[in-house]
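J.: One structure, pasted below without further comment.
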Amino acid sequence: MKTVDLIRKKRDGGTLSREEIEQFVGGYVRGEIPDYQISALLMAIFFRGMDDEETATLTDVMAHSGTLLDLSNVSGFPVDKHSTGGVGDKTTLVLIPLLAAAGLVVAKLSGRALGHTGGTIDKLESIPGFRTDLSRAEFLRLVRRSGLALADHTADMVPADRLLYELRDVTSTVDSLPLIVASIMSKKIAGGAKGIVLDVKTGSGAFLPRLEDSRRLARSLVSIGTRLGRKTSAFITDMSQPLGNRVGNALEVREAIETLQGRGPQDLETLCCELGAELLLFAGKATDRAGAVSSLRRLLHDDRALHKFQEMVQNQGGNPAVVDDPSLLPTAEKAIRLEAPHSGTVARVDALPVGRAANLLGAGRFVKEDRIDKAVGVELVRKVGDRVTRGEPLAFLHANDETNLSQAMALVEGAYTVGDRPVTPPVLIVERIAATSSGR
Ligand code: URA
């Protein structure tokens with residue numbers, strides 16, 4: 001079939017076959033189909049959607065558009081976790097050594113920050129010497145040796161996603177459910193995991209702020225993962241306020257280390273243990289959720305997960321002494337205090353302006369080419385439900401220059417509401433979405 005016929009078929013509400021999907025994905029990756037035709041097809045998909053079968057096929061075909069990570073020579077159950085991205089979301093930094101300490105295999109391919117949410121690679125690179133540009137052979141050797149490694153996505157993996165995403169970005173077709181699902185899941189499938197847990201954020205700091213959108217995405221991700229033979233489940237979790245207390249690369253690494261020492265913020269510890277429990281159950285390393293959660297909590301409190309983190313840092317060229325001496329991490333020149341204007345209870349710490357403030361200070365990228373300042377960010381001293389007295393700090397802004405400081409300060413100030421009434425903090429885990437018994 002000619003590409004123009006594929007476009008027409010989708011435009012008129014038809015269902016694309018595997019052969020047709022292979023034709024357009026393969027043709028585009030090989031440079032045989034021009035951008036304008038794929039743009040039209042993406043817009044047709046945006047308006048007409050794709051059913052589950054088509055989305056699963058698109059995911060599978062995209063996953064196979066490049067080299068797959070071959071974990072067949074690694075013994076153990078390979079797992080992966082994906083977050084749709086949030087402010088202060090350093091879950092991966094804690095979860096991967098925790099899972100490795102629990103005996104699972106974690107071959108984690110990750111990305112960099114773009115927009116108001118951070119990227120795991122940027123965070124880890126704030127550890128002096130830490131390398132994420134590992135060759136395939138080196139990456140697999142570390143996974144075999146230590147049960148975990150984390151590297152940047154390489155260009156030869158899922159090239160279809162990179163090319164299609166760039167086109168979606170400039171044709172206003174990013175926010176199409178089947179395209180988002182295929183984009184996320186193709187990378188997970190290519191990464192070789194047998195068990196996948198997805199953390200779909202909801203609330204102002206999330207990629208999809210509205211609960212019903214997060215729910216639709218979570219259900220579709222689980223359905224497609226399951227169809228493609230992976231044990232998959234999802235959590236919808238709160239991102240109305242930032243996760244944990246620190247936002248910004250080195251600040252988040254510090255908080256992750258504290259969490260691995262069993263003295264991190266409760267929301268972060270709980271989320272890591274709940275997500276991890278799901279994977280322990282998938283791997284058959286636990287028989288019930290409560291038991292899985294408590295065994296993970298033990299690993300956080302007896303330093304076994306911390307030692308795995310240290311091993312990963314050492315394996316990848318980083319200075320393992322940061323674990324005992326966080327002052328070896330980049331530190332900003334100034335910490336500017338934001339004070340409570342009056343006494344009361346914190347009713348709101350809006351995640352989005354906090355994320356934007358951290359970006360303005362230099363913690364994130366507005367465009368791909370921007371350089372990041374690893375030291376800067378926002379430290380939240382009070383979160384929703386906390387009491388505060390007038391003049392006490394609500395937050396600190398860690399900054400290295402004055403350029404955007406007053407704007408960032410205004411954003412964090414505006415993110416807070418301090419009221420007179422007691423406030424219950426938002427529920428962290430809003431919903432768990434498992435594969436249905438039919439496997440769909
Ligand atoms: N994250 C991805 O990886 N892909 C999308 O399309 C959207 C979010």
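J.: Over segment 132-264, one equal point on each Cα, no solvent: what is log10 I(q)/I(0) by the Debye formula at q = 0.09, 0.20, 0.21 Å⁻¹?
T.: -0.35, -1.38, -1.37
J.: At 0.36 nm per residue, and after removing the present C-alpha to C-alpha distance, how many nm does the segment from residue 342 to residue 36 gain when stretched out fully?
T.: Stretched out fully, the residue 342 to residue 36 stretch lengthens by 104.5 nm.
J.: Something else now. Could you work out the pair-distance distribution P(r) of segment 285-440 from its alpha-carbon pairs, with 10 angstrom bin width and percents rounded to whole numbers?
T.: 9, 24, 26, 29, 10, 1
J.: Sort 269-276, 63-70, 10-17, 287-294 by the packing proxy (mean of other Cβ within 10 Å over each peptide's residues), most packed first.
T.: My ranking of the peptides, most packed first, is 269-276, 63-70, 10-17, 287-294.
J.: Obtain the nm distance between the two label points defined at residue 213 and residue 8 by a simple spin-label model: each point lies 7 Å from its Cα along the Cα-to-C-beta direction.
T.: Label at residue 213, label at residue 8, 3.5 nm between them.
J.: Classify segment 184-258 as rounded, prolate or oblate, taking a ≥ b ≥ c as the square roots of the eigenvalues of its Cα gyration tensor: rounded when a/c is under 1.5, otherwise prolate if a/b is larger than b/c and oblate if not.
T.: oblate
J.: Here's a follow-up. Rounded, prolate or oblate, given the Cα gyration tensor of the chain, with a/c below 1.5 counting as rounded?
T.: Since a/c reaches 1.5 and a/b is larger than b/c, the shape of the chain is classed as prolate.
J.: Related question: Helix 249-260 versus the longest principal axis of the chain: what is the Cα-based angle in degrees, 0 to 90, to the nearest 10?
T.: Relative to the chain, helix 249-260 is tipped by roughly 80 degrees.
J.: Could the peptides 37-49, 75-87, 230-242, 318-330 be put in order, highest first, of the mean number of other beta-carbon atoms found within 10 Å of their residues?
T.: Ranking, from highest mean packing down: 230-242, 75-87, 37-49, 318-330.
J.: Right, here's the next one. What ranking do 346-353, 128-135 get when scored by the average of other Cβ atoms within 10 Å per residue, highest first?
T.: Top to bottom by mean Cβ count within 10 Å: 346-353, 128-135.
J.: Something else now. On a full-extension model of 0.36 nm per residue, what is the gain between residue 73 and residue 51, subtracting their alpha-carbon distance, rounded to one decimal in nm?
T.: Computed gain between residue 73 and residue 51 is 4.4 nm.
J.: So for the chain, averaging the separation of alpha carbon pairs under 8 Å that are six or more residues apart and normalising by length, what relative contact order in percent results?
T.: Here the relative contact order equals 19 percent.
J.: Calculated FRET efficiency, residue 392 and residue 15, Cβ-Cβ r, R0 56 Å, to nearest 0.05?
T.: Between residue 392 and residue 15 the formula returns 0.40.
J.: Using helices alone, I'd like the mean residue ellipticity at 222 nm for the chain: each DSSP H run of four-plus residues gives -39500 (n - 2.57), total over residue count, nearest 500.
T.: After summing the helix terms and dividing by the residues of the chain, the value is -13500 deg cm²/dmol.
J.: Does anything in segment 211-237 have its amide N under 12 Å from the 7 Å Cα→Cβ label point of residue 427, and if so which residues?
T.: 236-237, by backbone N distance to the label point.
J.: Using the C-alpha gyration tensor of segment 331-419, what are the square roots of 5 times its eigenvalues, in whole angstrom, with the largest one first?
T.: Its equivalent ellipsoid spans semi-axes of 25, 13, 9 Å.
J.: Near residue 96, within a Cβ-to-Cβ distance under 13 Å, what is the net charge of the other residues, with Lys and Arg +1 and Asp and Glu -1?
T.: Every neighbour counted, the sum reads +3.
J.: Around residue 148, which amide H atoms from residues at least 5 apart in sequence, or from another chain, sit under 5 Å from its own amide H, with H modelled in the peptide plane?
T.: Correct list: 106.
J.: Any idea what diffusion coefficient segment 3-49 gets from Stokes-Einstein, in µm²/s, Kirkwood Rh on alpha carbon pairs, 10 °C, 1.306 mPa s?
T.: 152 µm²/s
J.: Using the Cβ atoms and a cut-off under 10 Å, what net charge is assigned to the surroundings of residue 393, where Lys and Arg are +1 and Asp and Glu are -1?
T.: Result for the local shell: -1.
J.: Relative contact order, percent, of segment 331-419 when contacts are C-alpha pairs under 8 Å separated by at least 6 residues?
T.: That works out to 47 percent.
J.: Would you calculate the convex hull of the Cα atoms in segment 1-128 and tell me its volume per residue in Å³?
T.: 170 Å³
J.: Please give the Cα centre distance for segment 314-356 versus segment 150-200, rounded to the nearest Å.
T.: Result: 30 Å between the Cα centres.
J.: Can you give the net charge of the other residues whose Cβ lies under 15 Å from the Cβ of residue 211, counting K and R as +1 and D and E as -1?
T.: +1
J.: Among 171, 224, 237, whose Cα sits farthest toward the positive end of the charge dipole of segment 125-254 (+1 at Cβ of Lys/Arg, -1 at Cβ of Asp/Glu, about the Cα centre)?
T.: Farthest towards the positive pole: 224.
J.: On a 26 Å Cα-Cα criterion, which of the cross-link pairs 108/201; 187/383; 2/194; 194/368; 2/231; 231/285 come out too long?
T.: 187/383; 2/194; 194/368; 2/231
J.: Using the number of other C-beta atoms within 10 angstrom as an exposure proxy, rank 368, 201 with the fewest first.
T.: Placing the least packed residue first, the sequence is 368, 201.
J.: OK, next. Rounded, prolate or oblate: which fits segment 229-304, taking a ≥ b ≥ c as square roots of the Cα gyration tensor eigenvalues, rounded meaning a/c under 1.5, else prolate when a/b beats b/c?
T.: Oblate, since a/c reaches 1.5 and b/c is not below a/b.
Readers should treat all values here as calculations from the given coordinates under stated rules, not as data from a laboratory. Quantities reported herein were computed from a predicted structural model and do not represent experimental measurements. A quick note on method: Cβ atoms are made from the backbone with ideal geometry, for glycine too, and the neighbour counts reach across all protein chains shown.
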